[in-house]
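None of the figures in this text is laboratory data; all of them are computed from the coordinates on show. A quick note: this is a predicted structure, and the numbers were derived from the prediction, not measured. Neighbour counts run over all protein chains shown; Cβ positions are idealised from the backbone, glycine included.
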Amino acid sequence: MWDPTTYLRYGDERSRPFHDLLARVPAARPRAVVDLGCGPGNLTATLAARWPDSRVAGLDSSPEMVAQATATATAPGVSFAVGDVRHWRPEPDVDVVVSNAVLQWVPGHRELLTRWARELPTGAWLAVQVPGNFDAPSHRALREVAGRPAWRADVAPLLRRPPADDTAVGYADLLTGAGCVVDAWETTYVHLLPAPADADHPVLSWLEGTALRPVRAALDAAGWSDFRAELGVRLAEAYPVRHAQVHFPFRRVFFVARIGARAEENL
């Protein structure tokens with residue numbers, strides 16, 4: 001179960017990659033825009049502001065997120081629905097598809113990307129951002145704690161594995177092979193997270209909004225408290241507090257693909 005409030009605890013840091021991704025999509029007047037994995041809808045609203053004449057739709061697998069998005073939606077013509085991105089298929093007028101920090105949750109999403117490249121209309125834009133931090137100290141600490149005897153059976157199998165294409169080069173190669181012209185890049189953001197003395201370590205709080213969700217769901221209250229405490233110690237060692245803040249590097253992978261554009265170039 002997703003908790004919109006927990007997820008938005010670091011809303012500014014989580015939204016910056018979305019804006020950097022959209023800055024590289026030059027679509028002028030798309031007929032329809034779809035936000036796959038729209039979360040609480042706050043970023044979907046920016047799509048409606050950029051393309052006010054377009055039909056904008058958000059899709060998310062979490063009923064809690066969609067309820068939040070629907071309750072707070074103010075832009076006219078924006079709709080939200082519960083759905084699985086693995087089953088989504090584009091309507092003929094979808095000219096822009098955005099997927100921000102979603103596909104890392106979907107095993108085997110290479111096949112999804114190539115299918116979307118086949119099914120989207122020629123000239124459409126596919127814009128994707130995925131975290132590339134699976135080898136960061138935060139995730140190494142999470143795997144180490146999950147591998148302890150007390151939690152190995154219940155928790156370790158729940159942790160996400162790195163995507164097969166965890167580089168901009170890998171995604172560029174995949175979609176170029178699908179006939180797209182691709183703009184791909186990587187960025188490491190250094191988030192400066194406030195670390196109040198009377199609060200949890202900020203990287204622990206960050207992970208509670210994403211990677212720790214399945215762990216919390218699998219453990220009872222006592223088990224979660226123990227797991228959280230041990231992980232917190234390891235995170236404090238990996239990310240020391242300096243000047244009342246923590247430097248939290250976060251690598252992300254981006255790619256923007258123009259559907260069918262390679263074939264057009266070769267005409």
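Computed from Cα positions, the angle between helix 168-177 and the longest principal axis of the chain comes to roughly 30 degrees.
One-quarter of the Cα convex hull surface for the stretch 4-262, in nm²? Could the numbers behind the result be given before it?
Working: hull surface 55.7 nm².
Mean shadow area of the hull around the Cα atoms is 13.9 nm².
Just to be sure I follow: if Rg is taken over the C-alpha atoms of the stretch 143-210 and Rh is the Kirkwood radius over the same atoms, what is Rg/Rh? My calculation of the ratio gives 1.14.
Near the amide H of H191, within less than 5 Å, lie the amide hydrogens of F248, F250, all on another chain or at least 5 residues away, with H placed in the peptide plane. The ranking of D93, D200 from fewest to most other beta carbons within 10 Å of each one's beta carbon is D93, D200. If you take every DSSP beta bridge fully contained in the chain, what fraction is antiparallel? Give it as a percent rounded to 5. For the chain, the DSSP antiparallel bridge percentage is about 50. Whole-Hz Karplus values for the stretch 154-162 come out as 8, 10, 3, x, 7, 6, 5, 8, x Hz, taken residue by residue from phi with 6.51 cos²θ - 1.76 cosθ + 1.60 and θ = phi - 60°; glycine and proline positions read x. Amide H contacts for G132 (H built 1.01 Å from N in the peptide plane; partners 5 or more residues away or on another chain; cut-off under 5 Å): R251, R252, V253.
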